[in-house]
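Participant: Pasting a structure here, questions to come.
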């Protein structure tokens, strides 16, 4: 599949590779988990100006794959996730999840937000039980299920706490449990650990890998941290400075299971890092120059 | 999987034989006593000065010769004896407790109806752009109007009994709660909404589990102010025309040039308001236990 496409293709070759994947899967039994084709997304600001967040983006994720999307600030990474989740509709192009065009928020999708999106007025238990409750499961069953997930993310004994009583890392655990309890086949993560301190972050990344391994969901993990991207993912996609489009796709052939704290010493990790960074650096510079101009004007 | 254990706080101090906690507690107690003593001293000073100036220099039956004329400005001892008379003998329009009960009934009814209507309209308009765009200017115009004048209409239309006072209190409370509820709905965190939608919430579930609780801190912040408004509505309503109530007591006292009566009624009102405020705070703490510091009115 995509992994056979090597690691250093130009944009053109990547597109051809993706094309190849499609023919393979159309012949096979199951479709790609996520498929974005020629997607452009424009926003209109309140002042009436139009702003292009994504331009002509192609992206494919196969079932069970952990994909990391990296790119400079403001390149439309979060927009990509909003499109996949159905929170936003593309201006041009198609977004498909398991072969079905996305029309509204789908049931197979889970989304972990960058900022805390747990409900501050609900206890940990109620927060985690929310997904099943919204989906019509009765209170008792939802609560039993929620307790299991609270245990799985290591928060036993904190069921009755309110979010403001927990640390940032613990709130992220609540968010993870809240999302995973719905057993999403697609897990979207928008810089979920960026607000955490470095140690907590490494801890959470390892736990995420454990949890992911037991669910087999397809993950799209957005980050601006290349180290995090390589450490976690099977594949790293570099997005250009906004309007975002795919600049390069890299297969991460590091062994699993991985330990995030140690994988960065792996010689292959260093190689990959250098390779991807060469690609990413130019985009970061472009983005930085633009933000300077914006401040100056 | 890594377990997170319950947070443990080191409570034992440095082992130098000095009890820091004890010392800190003692300092806090000292300060509390100081504040209390100063408070009482201030009250004694103000009331004492009042009493003294209304007795100073008086000669003959004409109270106008006093430094401060008690006929116009009242006198603490006179206010006290007025209160005692009301409690023991009753007021001109019946027993004191009955007046307080009537005013409280009007206030609480007006408050409850105003709050409920304010929340319903605030949430409805906050969620519906078209509705708020259409109704917006009218609501602003009605809010800009000094609504106390409506009291006259209500007295004519609804009579001298309780309904006219309740109506005035409702009108006063409604706008305060309405604007807060409206703002609260508009300020709902977009990420929370998105999260709830992803988790599978329907529009109704969004309202119930996300929008209402989020707006609640705004609504609760308005309750303190709006209870005060409800009391104003009831009193002004009674003042304009009533058969019972504290407002009527004030009007009667005014009509007989009884300054002490006006002050005594004010004192009763202040006590009622403080007790009500305490209940509103309790309600707020009950409803908003999830939050360490909710939005509240600025207090000293």
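All of the numbers you see were taken from the coordinates with simple rules; none came from a lab. Predicted, not measured: the structure shown is a model, and the values here were computed from it. Here the Cβ positions follow ideal geometry from the backbone for every residue, glycine too, while neighbour counts run over all protein chains shown.
Participant: When only Cα pairs under 8 Å and 6 or more residues apart are kept, what is the percent relative contact order across chain B?
Facilitator: Computed over chain B, the figure is 20 percent.
Participant: Cα atoms only, region B:29-79: Rg and Dmax in Å?
Facilitator: When restricted to the Cα atoms of region B:29-79, Rg and Dmax are 15.1, 50 Å.
Participant: A further question on this structure: Using helices alone, what [θ] at 222 nm do you get for chain A, with -39,500 (n - 2.57) per DSSP H run of 4 or more residues, divided over all residues and rounded to the nearest 500?
Facilitator: Value at 222 nm, helices only: -13500 deg cm²/dmol.
Participant: Would you mind ranking A:188, B:193 by Cβ crowding within 10 Å, fewest neighbours first? Write out the running numbers ahead of the final one.
Facilitator: Values: A:188 28, B:193 17.
Arranged by neighbour count, lowest to highest, A:188, B:193 become B:193, A:188.
Participant: Report the Cα centroid-to-centroid distance between region A:241-261 and region A:50-87 in angstrom, as an integer.
Facilitator: Distance between centres, Cα-based: 13 Å.
Participant: What is the angle, in °, between the Cα long axis of helix B:96-127 and the longest principal axis of the Cα atoms in chain B? Nearest 10 is fine, range 0 to 90.
Facilitator: Approximately 30 degrees, to the nearest ten.
Participant: While we're looking at this one, here's another question. Looking only at other chains, what is the average number of their beta-carbon atoms within 10 angstrom of each beta-carbon in B:175-187?
Facilitator: Going residue by residue through B:175-187 and averaging, the value is 0.
Participant: If R0 is 25 Å, what FRET efficiency do you get for residue A:103 and residue B:135 from their C-beta distance, rounded to 0.05?
Facilitator: FRET efficiency, residue A:103 to residue B:135: 0.15.
Participant: Which ordering of B:249, A:170, A:189 is given by a fewest-first count of other beta-carbon atoms within 10 Å?
Facilitator: A:170, A:189, B:249
Participant: In nanometres, what is the gap between the two model label sites at residue B:156 and residue A:49, each 7 Å from Cα along Cα-to-Cβ?
Facilitator: 5.6 nm
Participant: Same structure, new question: Say we join alpha carbon atoms closer than 10 Å with springs in a Gaussian network model of chain A; which of A:261, A:33, A:129 then has the biggest fluctuation?
Facilitator: Between A:261, A:33, A:129, it is A:261 that shows the largest mean-square fluctuation.
Participant: Between residue B:281 and residue A:293, what FRET efficiency comes out of the Förster formula 1/(1 + (r/R0)^6) with R0 = 45 Å and r the beta carbon distance, rounded to 0.05?
Facilitator: Efficiency for this residue pair is about 0.30.
Participant: Mind checking the angle between helix A:267-296 and chain A's longest principal axis? C-alpha axes, 0 to 90 degrees, to the nearest 10.
Facilitator: The answer is roughly 80 degrees.
Participant: In terms of the Cα gyration tensor, with a ≥ b ≥ c the square roots of its eigenvalues, is chain B rounded because a/c is under 1.5, prolate because a/b exceeds b/c, or oblate?
Facilitator: Numbers: a/c = 2.99, a/b = 1.26, b/c = 2.38.
It comes out oblate by the Cα gyration axes.
Participant: Quote the FRET efficiency, to the nearest 0.05, computed for residue B:49 versus residue A:73 with a Förster distance R0 of 45 Å and r equal to the Cβ-Cβ distance.
Facilitator: E(calc), rounded to 0.05, equals 0.10.
Participant: Would you mind telling me the antiparallel percentage of the DSSP bridges in chain A, rounded to 5?
Facilitator: So the antiparallel bridges in chain A amount to around 50 percent.
Participant: To the nearest whole number, what is the average tally of beta carbon atoms from other chains within 10 Å of the beta carbons of peptide A:158-167?
Facilitator: Mean shielding count: 2.
Participant: Within the protein assembly as shown, what percent of beta bridges assigned by DSSP are antiparallel, to the nearest 5?
Facilitator: 50 percent
Participant: What is the extension gain from residue A:140 to residue A:165, computed as 0.36 nm multiplied by their sequence separation minus the C-alpha to C-alpha distance, in nm to one decimal?
Facilitator: So the extension gain works out to 6.5 nm.
Participant: Here is a further query. Is there a simple number for the mean count of other chain Cβ atoms within 10 Å of the Cβ of residues in A:110-119, and what is it?
Facilitator: That average works out to 5.
Participant: Under a crude label model (7 Å from the Cα following the beta-carbon direction), how far is residue B:98 from residue A:183 in nanometres?
Facilitator: If labels sit at residue B:98 and residue A:183, their model points lie 7.0 nm apart.
Participant: What is the gain in length, in nm to one decimal, between residue A:115 and residue A:195 on full extension, counting 0.36 nm per residue of separation less the C-alpha to C-alpha distance?
Facilitator: Gain on stretching residue A:115 to residue A:195: 28.0 nm.
Participant: Quick check on the exposure proxy: order B:275, A:230 from fewest to most C-beta atoms within 10 angstrom. The partial results should precede the final answer.
Facilitator: Numbers: B:275 10, A:230 26.
If I rank by nearby Cβ atoms, fewest first, I get B:275, A:230.
Participant: Which Rg and Dmax, in Å, describe the Cα atoms of region A:131-271?
Facilitator: Over region A:131-271's Cα set, Rg and Dmax evaluate to 16.7, 51 Å.
Participant: Using a 7 Å offset from Cα along Cα-Cβ at residue B:63, what residues in region B:249-270 end up with backbone N under 19 Å from the label point?
Facilitator: Inside the label zone: B:249-268.
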